[in-house]
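One structure below.
No value in this document is a laboratory result; all are computed from the given coordinates. This is a predicted model, so every value here is computed, not measured. Methodologically, a virtual Cβ is constructed for each residue, glycine included, from the backbone with ideal geometry; neighbour enumeration extends over all protein chains shown.
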Amino acid sequence: MEEPTGSDKDGNSLSLMDILTDSEDVAERIELLVRAEQMYIDLDKCLDDREKEIIVMRYGLFGKPALTQREAAKKLGISRSYVSRIEKRALEKLRHELE
């Protein structure tokens with residue numbers, strides 16, 4: 001596995017382990033991108049506006065910074081515990097949709 005099998009474009013030696021590791025990494029990245037794209041679609045499909053707004057705030061989606069529950073609550077003018085309940089319900093809906 002560690003024996004040189006060729007070289008990369010810069011002339012560095014590559015082993016079978018290097019090639020397999022890179023392939024797995026690419027496959028994992030592709031799967032992550034596909035799942036992320038599906039999650040963005042599901043956000044619109046299964047969450048109401050308030051749930052979506054809280055998930056976007058909490059997890060920093062669409063290029064926005066992630067906020068704590070306290071920060072999201074202050075911004076929305078609701079309690080932190082209410083943000084927590086809405087977030088939990090929204091995550092459960094997303095989990096169910098992704099399965």
The set of residues whose placed amide H lies less than 5 Å from the amide H of Leu67, leaving out same-chain residues fewer than 5 positions away, is Arg58, Tyr59, Gly60
Label model pair Glu99, Glu53: point-to-point distance (7 angstrom along the Cα→beta-carbon line) in nm is 2.9
Among the lysines, which fall within straight-line cross-link reach of Lys45, defined as a Cα-Cα distance under 29 Å, with same-chain neighbours fewer than 8 residues apart omitted? Lys64, Lys74, Lys75, Lys88, Lys93
